[in-house]
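Take a look at the structure below.
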Amino acid sequence: MEWDDLRARRLGTRELRIFLAVAHSQSMAKAAKTLGTSQPAISKAVADMEHALGVRLLDRSPQGVQPTQYGRALVRCGIAVFNELNQGINEIGFLVDPTAGELRIGCPDALAAGMIQVVIDRLLRKHPRITLHIETTSLYRELRERNVELVINRMPGPVAEEDFDAEILYHDSVVIVAAANNPWALRRKVQLADLVNESWVMPQSDSPLWPALIKAFHASGLKPPRAAVTVSSFHVRISFLATGRFLSVRPESTLRFQGRAPLLKALPVELPSNQEPVAIMTLKNRTLSPVARLFIDHAREVAKPLAKRKW
């Protein structure tokens, strides 16, 4: 099907907005209420879109509506259209006032509390009217759905996703950590075998930090330790560690950003090489906003010492 001027005139931002509301609510009545119009007007708009495109966009049933494969394609298109439109408006605003703007990013909470906090602090010192929003879960989905402009995260391997661009900032290692008040933190030499029966507070099993620890124990002929507590929240893990009774794992670079009175210490345990790149990931063919480009410039500067350091 070729796109022509007639179809373009029949499918503008008003129609896309209506269709996105219907697809999101899975109901013409709910979409009408959301948009402040009548259900017949919504039904007619959808029917006109289907006629203009020559395909069925919605499957109707007594329970509501569901987008067809054509409808799902239009949803993706509509999200991209409004995202780019919003980005263009923001860019115009930034050109008018380069000290203001908005940016949404994604990163794990450990990075958010470390390197990203430093990047944001430096950025806001120069541009105090910029607003930033940080997502810490479902990072790649948020990036694909254009809810965030960029993601900073560890890359266990090459970026297989064809829709991502990646720029490596530095390489990082996983270390075993304890609170400064933990007796293990006072030891000059520690063997993995000594830690098997300790109490561990660990991230969820889908965290990229898990495999490095398991690999280290297996390489030493040891059974990996049992996690006494598993929790996804980085801050909750810190609370457990602060009791002085638990061990955990963290990216080594995050210890650099603890401030003058570090709470955590890396234990002197030899682990197999587990370096992985930390990268900025963006969607291919997506124009980055001026604020995103500023953020990336600051991230490169903050990462320079990490990139030069030999872990």
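The values are calculated or read from the model by the stated rules, or taken from the named source; none is laboratory data. Nothing here was measured: the structure is a model prediction, and the numbers come from that model. When we count neighbours, we look across all protein chains shown, and the Cβ atoms used for this are built from the backbone with ideal geometry, even at glycine. We work out accessible area using only protein heavy atoms, side chains counted, and drop any ligands, DNA or RNA first. Shrake-Rupley method; radii C 1.70, N 1.55, O 1.52, S 1.80 Å.
Before moving on, here are some points about what is shown:
- Checking the stretch 191-206 against the condition returns a match, with at least one residue being farther than 25 Å from Asp165 by Cβ, crowded, with 17+ Cβ neighbours inside 10 Å and in contact (Cβ under 8 Å) with a residue 60 or more places away in the chain.
- Unique residue being closer than 30 Å to Trp184 by Cα and touching a helix residue (DSSP H, G or I) at 6+ places or on another chain (Cβ under 6 Å) when the list is Val278, Val302, Val236, Val249: Val249
- Residue among Arg250, Arg226, Arg237 that is open to solvent by less than 60 Å² (accessible area, probe 1.4 Å) and either touching a His at 6+ places or on another chain (Cβ under 8 Å) or closer than 10 Å to Met202 by Cβ (or both): Arg237
- The listed residue being out of contact with any strand residue (DSSP E or B) (no Cβ under 8 Å at 6 or more places or on another chain) and aliphatic (A, V, I, L, M), out of Ile176, Ile152, Ile214, Ile168: Ile214
- Residue within the stretch 150-172 that is in a strand (DSSP E or B), of a type in the set (A, V, I, L, M) and either at positive phi or open to solvent by 60 Å² or more (accessible area, probe 1.4 Å) (or both) present: yes
- Some residue of the stretch 131-148 being open to solvent by 50 Å² or more (accessible area, probe 1.4 Å), in contact (Cβ under 8 Å) with a residue 12 or more places away in the chain and more than 22 Å from the chain's Cα centre (by Cα): no
- Within the stretch 274-303, the only residue that satisfies the criterion of being free of Cβ contacts under 8 Å to residues at least 12 places away in the same chain and either of a type outside the set (D, E, K, R) or assigned to a loop (DSSP other than H, G, I, E, B) (or both) is Asn285.
- Filter result for the condition that a residue is modelled with pLDDT under 95, more than 26 Å from the chain's Cα centre (by Cα) and in a helix (DSSP H, G or I), over His218, His235: His218
- Given (1) in contact with a Leu (Cβ under 6 Å, 6 or more places away or on another chain); (2) closer than 23 Å to Leu306 by Cα, number of the condition Ala166 does not satisfy: (1)
- Among residues that are open to solvent by 40 Å² or more (accessible area, probe 1.4 Å), more than 22 Å from the chain's Cα centre (by Cα) and within 30 Å of Leu255 (Cβ to Cβ), Lys30 is not included.
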